[in-house]
Amino acid sequence: MAPKDRGAVAKGKKGGADKVRKAQAVSKGLKKPNRSSAAKARYSVRFHRPQTLKKQRQPKAPRLSRLWTANPVPALQRNDKYRVLQQPLMTESAIKKIEETNTLVFLCDPRASKRGIREAVKETYGVAAQKINTLIRQTLVGKVVLYVPHLTFRSLDVEQEIAMASFLAASASSDSHTTRHLWRALEQSRSSNCPPPNSRDKSGRLDGEKMMSNNSDDPFYAAREEVEMNFAELQRLHREWKQQIQVRGHPSKCLSLKGTIDSSADALAADLRALDKAVAVASRHQQRLGLHDTEIEKRKAFVQQQQKQLNDLKADIKAAGAPHQWMSEASSSSNEFWGGAEQKQQTLVQQQDEQLDELAHAASRLHETALTINQELETQQRMLTDLDDTLERQGAVEAAAIDAADPEWQLAGNRGSKQEFKRVAV
């Protein structure tokens, strides 16, 4: 074996000494007690929070300055119930809340407090709100939801007492064309940028008077035009019907005109009843709507006049609608025609019934034949099963006989004799 290099040996010893020295230093450090950091010296009694990220405010509700811009100062000088509660909200969901949960929804001043809202509701409508929820829309309009306990709503009478809009919304479900027109006109007036009713300007005049002074903005005048148009159409149909009776026109046309006149008269009567109720509601809320006594009297006179004309027209129709000989003859001929058609229809139905009976008998015969075939097939199946069992038993007997006679076949040593013995054994 060759001798080791002395330099390599010295180098190895030196490296081992370094490792030992490092290990001893580490162990010495571990054996020392736990180190404690020196306390920070403070020379001031004020402590500051660390700096954090500050984002720009993005409030959901508009600021007070924007509210003042939307509502000028003259309007803010009024501090009464009409400033707090501007108008009831009569959407489909709001009406459902009224009917089911005794909850009223209003549009109100965005700066109104819950206490002011409660007092305004009690002063205006005489009901005490138990719970009030408010919010501010992005259109700078406040919305308030009131829960009124122990309040019964029968046929939406409370809505009619709240405001004219409530009555129109309650009647919108009927088939009256005028009521629907009233509702559309009211919604258009609400969606316009007009000031709230009964708000006073600098001169002290009600803004409601300005709005009601313009006939195009008043829903009553839109309904009045609709009623006048319907009444004119009814009069035209009445004249045409009387002309057909005088010239003895076609009976079917006369009857059709009579039915159209009756339905139109009923619809017009419903419209007039709706207008009468609307005028009654407007008279109760005269101050809120900005209407004078003369305007209320004019509206009542218009409704009464239209009702009187409608009653006269109905009386004329009833007097002129006495049975005529030519109409009775036409009705008898039409009865004969329909009687013959009905008899033919009954004959056809009877023939169809007879054909269906024959088909039913044929189907029953086919059913009986199918049952017989099924029984025969089941019998044959049982016979085949018995035959298979017999053959299996016979084969088993033959195999047993052959196994019993096997020693004798070995002595015989002849295949032919084996077959002969098999035949004899069988």
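The values are calculated or read from the model by the stated rules, or taken from the named source; none is laboratory data. The structure presented is a predicted model; accordingly, all values stated were derived computationally and were not measured. Note: ideal-geometry Cβ built from the backbone for every residue, glycine included; neighbour counts use all protein chains shown.
Couple of notes before you dig in:
- Looking only at residues of the range 263-293 that are under 21 Å from LEU234 (Cβ atoms) and free of Cβ contacts under 8 Å to residues at least 24 places away in the same chain, we find that the one that is surrounded by the fewest Cβ atoms within 10 Å (Cβ to Cβ) is SER263.
- Number of the exception - PRO74 against (1) modelled with pLDDT of 75 or more; (2) surrounded by 10 or more Cβ atoms within 10 Å (Cβ to Cβ); (3) within 27 Å of GLN286 (Cβ to Cβ); (4) not basic (Lys, Arg): (1)
- Which listed residue is within 30 Å of LEU85 (Cα to Cα) and modelled with pLDDT under 85, from LYS277, LYS258: LYS277
- Looking across the range 84-116, the residues that are in a strand (DSSP E or B) and under 16 Å from ILE132 (Cβ atoms) come down to LEU85, GLN86, PRO88, THR103, LEU104, VAL105, PHE106, LEU107, CYS108.
- Only one entry in ARG21, ARG35, ARG57, ARG42 is more than 30 Å from THR134 (Cβ to Cβ), outside the structural domain of ARG137 (by the TED database), outside any helix (DSSP H, G or I) and at pLDDT 80 or above, namely ARG42.
- Hits in the range 334-357 - residues which are at pLDDT 85 or above and among the hydrophobic types (A, V, I, L, M, F, W, C): LEU348, VAL349, LEU356
- Taking the numbered list (1) at pLDDT below 80; (2) aromatic (Phe, Trp, Tyr); (3) buried (at least 17 other Cβ atoms within 10 Å of the Cβ) in turn, TRP326 passes all entries but (3).
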